[in-house]
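Notes follow once the structure below has been shown.
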Amino acid sequence: MSTQPSTRPDPAAEDGRSSLLRLYLGRGVLALVWALAFAGAHEHIDALAVTLLVVYPLIDAVSSLVDHRALPDGSERRVTAFNGALSTLAAIGIGIAGAGGVAPVLHVFGAWAVVSGAAQVAVALRRRSPELGKQWPMLIAGGLSFVVGVFYNVQAAGDNPSLSVLSVYATGGGVFFVAQAVLLGWKTRQLRVKTA
């Protein structure tokens with residue numbers, strides 16, 4: 001009887017990588033599209049701007065829900081559920097803050113960016129297996145979200161707060177999500193070649 005380990009790919013692991021790849025790619029593309037739309041709509045806090053502002057955390061909430069449904073019970077699933085609930089509350093909070101102008105919106109968006117960034121880092125740390133590409137783009141994106149969220153709250157307390165920074169935030173997030181998807185695709189291809 002052979003004692004060599006099987007070199008056949010694990011279908012469950014491969015399905016998990018494919019699911020994450022689609023999720024990250026979709027999330028990244030939506031963030032980039034949002035950034036482009038918001039870049040032309042942030043000059044005034046009108047109905048369009050507020051709608052876009054509410055939509056952004058809802059994209060994150062829906063992504064968290066999709067991710068949550070694919071995960072087994074455990075700490076990673078709980079953090080993902082927390083992030084989904086947080087993003088839903090952020091969308092509601094931003095919608096309410098929109099009536100108060102730029103500074104309240106930046107305060108709420110910044111607070112959400114801080115906590116959701118920390119949650120993203122926590123999830124990425126739990127996914128740092130070589131098969132999932134070590135999650136470096138997600139770790140960097142989560143860490144930057146935390147730092148930038150603090151900056152937004154400082155800016156909101158200043159004399160000239162501006163929402164233009166949010167397009168930059170969404171663009172950066174989108175690029176990191178797409179980068180993570182590309183990394184997962186490359187890792188999946190590499191593992192298939194290794195086990196062929």
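The values are calculated or read from the model by the stated rules, or taken from the named source; none is laboratory data. As the structure is a prediction and not an experimental result, all values here were calculated from the model. Ideal geometry is used to build each Cβ from the backbone, glycine not excepted, and the neighbour counts take in all protein chains shown.
The condition of being over 21 Å from the mean Cα position of the chain (by Cα) and not basic (Lys, Arg) holds for only one of Val168, Val150, Val154, Val182, that being Val154. Of the helices (runs of 4 or more DSSP H) that lie entirely inside segment 67-174, those containing 3 or more residues that are hydroxyl-bearing (Ser, Thr, Tyr) span 75-97. Give all pairs with beta carbons closer than 6 Å in which a residue from segment 71-92 that is closer than 13 Å to Ala122 by Cα meets a residue that is basic (Lys, Arg) and part of a helix (DSSP H, G or I); count only pairs at least 6 apart in sequence or on separate chains. Short answer, once both residue conditions are applied: Glu76/Arg126.
Need the failing condition index for Ser2 against (1) modelled with pLDDT under 85; (2) touching a Phe, Trp or Tyr at 6+ places or on another chain (Cβ under 9 Å), just the number. Answer for Ser2: the failing condition is (2). Looking at segment 61-86, which of the residues that are under 18 Å from the mean Cα position of the chain (by Cα) and acidic (Asp, Glu) is modelled with the lowest pLDDT? In this case the residue turns out to be Glu76. Checking Leu30, Leu53, Leu48, Leu58 one by one, the residue that is part of a helix (DSSP H, G or I) and modelled with pLDDT under 95 is Leu48 and no other. For segment 18-30, filtered to residues that are of a type outside the set (A, V, I, L, M) and surrounded by fewer than 20 Cβ atoms within 10 Å (Cβ to Cβ), the residue that is nearest to Thr80 (Cα to Cα) is Ser19. Restricting Gly143, Gly100, Gly149 to residues that are of a type outside the set (Val, Ile, Thr) and either in contact with a Pro (Cβ under 6 Å, 6 or more places away or on another chain) or free of Cβ contacts under 8 Å to residues at least 24 places away in the same chain (or both) narrows the list to Gly100. Filtered by the rule that a residue be closer than 18 Å to Ser167 by Cβ and either under 11 Å from the mean Cα position of the chain (by Cα) or not aliphatic (A, V, I, L, M) (or both), segment 108-147 gives Phe109, Gly110, Trp112, Ala113, Ser116, Gly117, Ala141, Ser145. Considering each residue of segment 145-153 in turn, at least one proves to be closer than 21 Å to Ser75 by Cβ, among the hydrophobic types (A, V, I, L, M, F, W, C) and crowded, with 16+ Cβ neighbours inside 10 Å.
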